[in-house]
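First the structure, in the form of structure tokens, and then the observations on it.
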Amino acid sequence: MHVSSQDEFALIARLTRSLASHSDVLLGVGDDCAVLDLNADTLLLATCDSQVEGVHFTLQTASPEEIGRKALAVNLSDIAAMGGTPRFALVSLILPSHFSLPTLDGIYAGLQREAELFSTLIVGGNVSGAGKSAQLAIDITLLGTADRGHVLTRSGAHIGDVLCVTGHPGDSAAGLHTLLHPLASSEPALDAAGETKPPLAYSEPALSTVRTAHRTPHPRVREGQLLAQLGPEIVTSLLDISDGLSGDLVHICERSHVGARVEVAALPFSPSILTIAVEAQYDPLLWTLHGGEDYELLFTVSPAHLQHVRDLIQNTTGTPVTPIGTILPASDGLQLLFPDNHIEPMPVKSWNHLAQ
């Protein structure tokens with residue numbers, strides 16, 4: 001049996017089931033960050049993530065600076081998903097021997113720029129050769145802080161809570177699709193009348209919007225902090241959408257022991273994703289539910305406080321907050337409610353690192 005036969009989260013459970021713990025580990029494996037109590041005024045958050053060339057990025061579809069920015073952004077998003085403040089990053093690079101120094105300079109410039117945007121300091125790391133591998137790997141550990149009593153986790157959702165999302169999930173997946181499936185044609189084609197048609201191309205500015213969402217996602221750090229300030233009695237659970245809305249919703253449901261219904265008509269499709277979907281002849285619902293790499297926040301709110309939460313986030317940050325569904329009993333599972341009011345089980349098709 002090889003790792004490729006394993007589900008990512010089943011493998012994590014296998015590797016961590018016998019790990020020791022301690023009273024100062026308030027939350028270990030199973031959420032976006034570990035939460036540690038060092039007897040300080042604030043709690044310590046710790047997370048790590050890796051970006052591997054050919055798996056998470058290519059030098060043909062993103063600039064070196066964009067690669068560096070995204071590598072740190074995915075870690076910043078984990079801190080956002082706990083309602084915390086990012087503080088210190090350590091960057092480890094696994095380098096192929098042939099790798100270009102100017103390209104590496106560009107990646108590090110991107111890391112530094114993203115760190116500055118979120119008042120985070122890069123304080124160390126490591127450099128190692130990749131041996132015979134031709135792939136660059138960027139591994140980042142990020143430390144942050146959170147106020148006591150205001151750390152938000154995946155495990156607090158209650159039946160009847162409203163399921164909400166920030167921004168426009170699916171834009172990143174649409175952006176990736178345009179990079180992998182360009183419409184541009186090198187030679188003019190002929191239509192049915194035998195007349196020359198112009199080369200195909202995706203429309204601007206929709207193309208720029210979805211590719212930016214994919215290449216340089218914006219971690220919702222400030223939004224997460226505002227949600228955390230409200231406390232877990234109002235915002236009952238929180239995570240970020242990294243592997244796809246459907247797959248990450250499963251994490252909330254499993255940790256909170258609940259089910260959920262998502263209303264298709266309520267999903268916040270951006271104008272850009274709708275434009276690209278028509279041109280790509282693709283169902284935008286699939287990108288929005290299963291695409292991943294959105295780094296938007298998915299959270300649950302006590303119904304009586306929904307409008308206050310929406311107003312707070314939108315008025316303070318400008319980020320839209322959309323109610324997309326309801327938390328149900330666990331026995332109801334995951335459901336999709338369609339505009340004609342029929343209900344289907346929600347398929348879960350999130351990213352699995354070990355199956356790619």
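Criterion first (surrounded by 20 or more Cβ atoms within 10 Å (Cβ to Cβ), at pLDDT below 95 and not in a strand (DSSP E or B)) does residue 31 satisfy it?
On the way: surrounded by 20 or more Cβ atoms within 10 Å (Cβ to Cβ): yes; at pLDDT below 95: yes; not in a strand (DSSP E or B): yes.
Against the criterion (surrounded by 20 or more Cβ atoms within 10 Å (Cβ to Cβ), at pLDDT below 95 and not in a strand (DSSP E or B)), residue 31 qualifies.
Give the residues of the range 91-122 that are assigned to a loop (DSSP other than H, G, I, E, B) and closer than 17 Å to residue 63 by Cα, sorted by residue number. Walk me through how you get there before you give the answer.
Of the residues in the range 91-122, the ones assigned to a loop (DSSP other than H, G, I, E, B) are 96-100, 118-120.
Hits for the range 91-122 are 99, 100.
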| remark: When the range 294-323 is checked residue by residue, the ones that are over 21 Å from residue 32 (Cα atoms) and charged (D, E, K, R) are 310, 311
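Do any strands (runs of 3 or more DSSP E) lying entirely in the range 257-356 carry at least 3 residues that are in contact with a Pro (Cβ under 8 Å, 6 or more places away or on another chain), at pLDDT 95 or above and not assigned by TED's automatic domain parsing to the domain that holds residue 70, and which ones are they?
On the way: elements: 258-263, 297-301, 321-329, 334-337, 343-345.
Answer list for the range 257-356: 334-337.
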| request: Find the helices (runs of 4 or more DSSP H) located wholly in the range 123-235 whose residues include 2 or more that are at pLDDT 95 or above and in contact with a Pro (Cβ under 8 Å, 6 or more places away or on another chain), and list them. | output: 171-180
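The values are calculated or read from the model by the stated rules, or taken from the named source; none is laboratory data. Given the structure is predicted, the values throughout are model-derived calculations rather than measurements. A quick note on method: Cβ atoms are made from the backbone with ideal geometry, for glycine too, and the neighbour counts reach across all protein chains shown.
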